[in-house]
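Below: one structure, written as structure tokens.
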Ligand SMILES: Cc1ncc(COP(=O)(O)O)c(C=O)c1O
């Protein structure tokens, strides 16, 4: 790896602030954009902009083709089918889309529980607090161990037949732990609960395979992994579609 060469891909790093070169260490919040991405966005606006799936002219056809192709590329990246990939504005919107889909489908009944962990980002907390405030479910939080990893024994204790959803970070932005989401998902599904993985900090860093993890929903952000600002992804497992797809697609 040649960092000097890599820096050349990022026009913003050619800037100086107060006479000093920039060292950018905030990619987990949002990454800088390489020239290849800036050029692709610019090319789209210069050459292909048109209403996707809502026009019968050539430009609209081309834009629609590109739009569909991009779903295939993103799908391959996480080993999902193209039709299981929905675009959102960011990971936060992906989780909110799931929350609204479940609410509008009357998925939660009072007495139900949602299991989260104590290492969740606000994006995977506030939407479920909204459900709790509506009196639709109670939030239950799994403890962390002293080394800041998830306490799997506590998860086993807190999950029960009342659990309708387990929503957990794959990689925590607060304590940097990587959760064994394959194992957590298996436990959730053994209790017939849905399983949402907040993969906003994992997809940008290592291979994430939805066929292995088997989540019902998985979210991540484009803007944290060199993509344009205002891009996020929601993966929704196809079998769940029959139940949730309409509102899911409407939201996402
Ligand atoms: C673990 C985690 N989940 C969700 C989010 C929210 O991501 P976004 O800014 O794409 O909404 C973040 C952002 O830092 C995060 O670290």
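Among 183, 243, 211, which is the only one that is more than 11 Å from the chain's Cα centre (by Cα), outside any loop (DSSP other than H, G, I, E, B) and modelled with pLDDT under 95?
Of 183, 243, 211, the one residue that is more than 11 Å from the chain's Cα centre (by Cα), outside any loop (DSSP other than H, G, I, E, B) and modelled with pLDDT under 95 is 243.
Taking interchain pairs and intrachain pairs at least six residues apart, which have beta carbon atoms under 7 angstrom, with the first residue in region 117-142 and in the same structural domain as residue 107 (by TED's automatic domain parsing) and on the phi < 0 side of the Ramachandran plot and the second assigned to a loop (DSSP other than H, G, I, E, B) and more than 15 Å from the ligand (Cβ to nearest atom)?
118/143; 131/108; 136/108; 136/110; 137/108; 142/151
Being crowded, with 18+ Cβ neighbours inside 10 Å, out of contact with any strand residue (DSSP E or B) (no Cβ under 8 Å at 6 or more places or on another chain) and over 20 Å from residue 224 (Cα atoms) is the filter here; which residues of region 64-99 pass it?
Result: 99, single match.
Of everything in region 200-221 that's free of Cβ contacts under 8 Å to residues at least 60 places away in the same chain and surrounded by 21 or more Cβ atoms within 10 Å (Cβ to Cβ), which residue is nearest to the ligand (Cβ to nearest atom)?
Checking each candidate, the answer is 202.
If we scan region 146-157, do we find a residue that is more than 16 Å from the ligand (Cβ to nearest atom), surrounded by 15 or more Cβ atoms within 10 Å (Cβ to Cβ), within 23 Å of residue 107 (Cα to Cα) and modelled with pLDDT of 95 or more?
Yes.
So, in region 123-143, exactly how many residues are within 15 Å of the ligand (Cβ to nearest atom) and either in contact with a helix residue (DSSP H, G or I) (Cβ under 8 Å, 6 or more places away or on another chain) or part of a strand (DSSP E or B) (or both)?
Qualifying residue count, region 123-143: 4.
The values are calculated or read from the model by the stated rules, or taken from the named source; none is laboratory data. This one's a predicted model, so the numbers in the text were calculated from it and none came from an experiment. Ideal geometry is used to build each Cβ from the backbone, glycine not excepted, and the neighbour counts take in all protein chains shown.
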